Amino acid sequence: MKKPYKNCQSCGMPLKKDEHGGGTESDGSINQMYCSHCFRNGTFTHPEITMPEMKALVKGKLKEFGIPGFMTGLFTNNMHKLERWKN
C-alpha cells in the first residue's frame with residue numbers, strides 16, 4: 001500500500017492546498033505524491049529542474065504570497081529529503 005503524503009514530494013506544498021487535488025497521471029487519475037504544479041499527465045512539469053532551482057522557485061512563490069524571507073528558508077530547508085530529490 002502506498003504511503004499517504006501530506007506534502008508534494010517535489011516542491012513541498014501541502015497537498016490539501018492544491019486547488020486541483022494533486023497532480024495527474026497520464027490516464028487522468030490523481031497522483032497522491034505530487035501537486036498539480038509539479039506533475040501533470042504522468043510527467044513532471046519541469047523535468048530538468050535541479051533541487052537548488054526548485055528551492056529558488058518555491059522561495060520566490062512564497063515571497064509572492066507575502067511570506068518573509070527568513071520563513072521561506074525554513075519552509076525549503078528540508079526539500080532535499082523529499083522523494084524526488086533523494087537520489
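Each reported figure results from applying straightforward, stated rules to the coordinates on display, with no laboratory input. On a predicted model such as this, the values are computed, not experimentally measured, just so you know. Quick reminder, even Gly has a Cβ in these numbers, built from the backbone with ideal geometry, and neighbours come from all protein chains shown.
Worth pointing out:
- For segment 6-50, radius of gyration divided by Kirkwood radius, i.e. Rg to Rh on alpha-carbons: 0.94
- Computed lengthening from residue 48 to residue 74, 0.36 nm per intervening residue step minus Cα-Cα distance: 6.9 nm
- Electrostatic dipole magnitude of the chain [Cβ: Lys, Arg +1; Asp, Glu -1; Cα centre; debye, to 20]: 380
- Using only alpha carbons, the chain has a radius of gyration to Kirkwood radius ratio (Rg to Rh) of 0.96.
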